[in-house]
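Data block below; observations after.
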Amino acid sequence: MRLDPGLLAPEVGPGIRLLPVLHESVDLAAVVRAVLDTLEPAVVAVELPDTISGAVRRAVRRLPRVSAVVSQEGAEEPLVWFCAPGDPLAEALRWAEERGAAAAFIDPDIPYRTSHADPLPDAHAAFVLGPERFLALVARALARRPAAPEDRARERGMAWRLLRIAASAKGLVLALVGAAHAERIASDLKGPLARPLARTARREVHCLHVHPDSLPGVLREAPLAHAVWERLRGGTVPAAPPVDRVAARPLTLVRGGFRVLAGGRTPGAEDSRRRLLVDAAAAAAARPLGRGFALDRMLLGAFLWKVAARSYERRAGETVRTWQRRLFFDFARRYARVEGLLVPGLYEWTVAARGVADDNLAWELYDAARTYPWQDSEAELPTARVEGGLLDLGTRKVRFRRRFFRVKDRPVRLPVRRRPEADNPARWLEAFDDADICSFPPEDLVIEDYGRFLRRKAVAILSAERARVEPFSTSLLDGIDIRETMRRFHEGKVWVRELLRVPGGAGSVVVIFDRDRDDTRFPLRMTWLGESEQESDMAFYATDPTQHVVGPGIMRATYGGFLMTMPPGRLFDVWIDPDYAAAREKAEVLIMAAVDYSREKLVVHVAERPPAERLRAYAASQGKRIVHIPLASLSPVTLRKIRVVHLLAGRDKRRIARDYIW
């Protein structure tokens, strides 16, 4: 895409060109750099006060590390400016620093008491309409809005300073100002101007390092978008790699000796984040602009989905379906429209991921989108944390209001549950010294409740099979049969249904999620006894928990199938019981054991397909009956919840497990 600097930055005075920008817009950072490369001005002037110029220059020199320039005078609201690579003003100052051009700060420091946000369109439209037309339309539309007295004073002050700078400059002066001010400043340059009555110095101006956990909250776009621009501003695009190499892998524990393969804040994880950045740059750089490339946030969103879905499959053991991908993009797009945006951002992506799957997928997407490999927790400057609307400066908290208001302000907190990370994976693995393995009691309660639900459902199914329908006479029995009444509407009668009692109750419950006939995906076979009278004995087969360590002494596994039977304390280890040697697969072992240990006549069987006839005959030989419930007839959300089990290396881990289980 070729740009027309004459239209983008028209000459508004002798030796002065004015480039309107949208603050904090990553999309326009590429446009700004392309204009600067073309015009090569002698002076780059930006809409920032000269009273904070020292801290701003220091912040620009620290790039790509993100800094916060903070200043507060008396009871005034603080002035806060975040210096990130994707900010057009930061890009302009950085260009001047690299090329040896002069930088000027033209915004007069006038006390600013007006709080308002201009309605601005999504800057992605610049790549649809063309940057020249987009910025001209935005500047023209905003110029029609009434300006606050403080804004007019600032605009006249900026015009006065531009004339002074141009008079002494040895070349072109390019000024970058907010699009809302551009046309009025151009008009002011043609009239009489006076020196603005502005503050000449500030007592406290701080340049702070921003904690990496605060980046998603303080940056208008996802930190990964800024990181991709930082990678692209060099003018080269890396080759597109496979997604598999950047998808997250779980922390693993190898029996016979601990070995960390991946996960946590290890050097390997940092390398993975840098690889993810390179891959994101290759995926999102689709727009040649000037001598470089511009970031396409739509392509970045598609890349994030691929990485998040692959990581989700690896770490949560769930499969992401095609319909979920389609719904994710459709929901995020519609949500962005409601927010007045063309392209979804981090917030919309996270909400959409949680909606089409669960918090785990939302976390994987959020974790990839917050990637910014240059930002460490500590630096040579004091570190600032931003929580909600507060800027935590360590010794005091400053309410967080920005001079350059966002188009759409929203709560900083994203709707995603944070997941603990292993700062030191070796500590997590040391906790496995205890050979005792136990369950997590809250998960036991959930699965026991679901077992009771399945028993009631099995009885209800048999009752429905034995139902009797008759015309209403003297009693409604078990309720009106709407279907029969409608079918025989021409008879003019109301039909009622009576559910006949099923002899006996439901005892053992068997749930088969995956038969694993080749015996490769669910190698763990275990039998454990209930710890109280309210807990069932269980036998199950599951994925290898040592491949997924989620906390100190805490492992995560996924059931392939399980058996529950009451009362507790009776179940022998079914996996070594010779009575089940005739079983052809693990699922059949559980079904035969369920029949043997059931004290009721009914055995509940939940699976995709009914059990084999010989298993029904096996149950019939003991005077029992297997009641099949199709897996597809149950809530997939609930099934996904009960399918996950956490194994704790010792009962002492139960105190801390809640903080690590997700």
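The values are calculated or read from the model by the stated rules, or taken from the named source; none is laboratory data. Please read these numbers as outputs of a predicted model, since none were measured by experiment. Neighbour counts run over all protein chains shown; Cβ positions are idealised from the backbone, glycine included. These accessible areas exclude ligands, DNA and RNA; they are computed on the full protein's heavy atoms, side chains included. Shrake-Rupley method; radii C 1.70, N 1.55, O 1.52, S 1.80 Å.
Some values worked out for this structure:
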item: Cα gyration tensor category, rounded, prolate or oblate, for the stretch 118-187 with a/c compared to 1.5; result: oblate
item: Estimated translational D of the stretch 309-372 in µm²/s (Stokes, Kirkwood radius over Cα pairs; 4 °C; 1.567 mPa s); result: 109
item: Whichever lysines have a C-alpha closer than 22 Å to that of residue 170, once near sequence neighbours (fewer than 8 apart) are set aside; result: 190
item: Accessible surface of the chain, 1.4 Å probe, proportion on carbon and sulfur as whole %; result: 51
item: Long-range HN-HN contacts of residue 505 with modeled amide H, under 5 Å; result: 601, 602
item: Cα lying deepest toward the dipole's positive end in the chain, options 180, 80, 604, charges on Cβ; result: 180
item: Karplus 3J(HN,Hα) series, Hz, for the stretch 199-208 with 6.51 cos²θ - 1.76 cosθ + 1.60 (x for Gly, Pro); result: 5, 9, 7, 10, 6, 10, 10, 10, 10, 10
item: Electrostatic dipole magnitude of the stretch 580-637 [Cβ: Lys, Arg +1; Asp, Glu -1; Cα centre; debye, to 20]; result: 140
item: Placed amide H near residue 478: partners under 5 Å, 5+ positions off or other chain; result: 497, 498, 499
item: 5 angstrom amide H check on residue 548, placed H, neighbours 5+ away; result: 253, 556
item: Loop sites in the stretch 1-104: GluC sites (Glu not before Pro), DSSP, at most 13 other Cβ within 10 Å; result: 76
item: Cα extents of the chain along the three principal axes, largest first (Å); result: 104, 75, 49
item: With all protein chains modelled, accessible area of residue 438 [1.4 Å, Å²]; result: 10
item: Electrostatic dipole magnitude of the chain [Cβ: Lys, Arg +1; Asp, Glu -1; Cα centre; debye, to 20]; result: 1360
item: Neighbour net charge for residue 193 - beta-carbon separation under 11 angstrom, K R +1, D E -1; result: +3
item: Residue 236 - accessible surface, heavy atoms, 1.4 Å probe, Å² rounded to 10; result: 80
item: Paired Rg and Dmax values of the stretch 529-656, which use every Cα atom, in angstrom; result: 16.0, 48
item: Whole-number percent relative contact order across the chain, with pairs defined as alpha carbons under 8 Å at least 6 apart; result: 13
item: Selection of trypsin sites (Lys or Arg not before Pro), the stretch 532-589, meeting DSSP coil and at most 15 other Cβ within 10 Å; result: 570, 584
item: Residue-wise HN-Hα coupling along the stretch 371-378, computed from phi with Karplus coefficients 6.51, -1.76, 1.60 (Hz; x: Gly, Pro); result: 4, 8, x, 8, 9, 8, 5, 10
item: Estimated inter-spin distance, residue 463 and residue 532, nm [label 7 Å along Cα→Cβ]; result: 2.8
item: Beta bridge orientation in the chain: antiparallel %, DSSP, nearest 5; result: 65
item: The stretch 99-200 - percent relative contact order, Cα under 8 Å, separation 6 or more; result: 40
item: Charge dipole (debye, nearest 20) of the stretch 539-662; +1 at Cβ of Lys and Arg, -1 at Cβ of Asp and Glu; result: 460
item: Residue-wise HN-Hα coupling along the stretch 629-640, computed from phi with Karplus coefficients 6.51, -1.76, 1.60 (Hz; x: Gly, Pro); result: 10, x, 4, 5, 7, 9, 5, x, 5, 5, 4, 5
item: Listed pairs 457/601; 457/641; 457/624; 601/641; 457/493 exceeding 24 Å between Cα atoms; result: 601/641; 457/493
item: Residue-normalised accessible area of the chain, given per residue in Å² at a 1.4 Å probe; result: 45
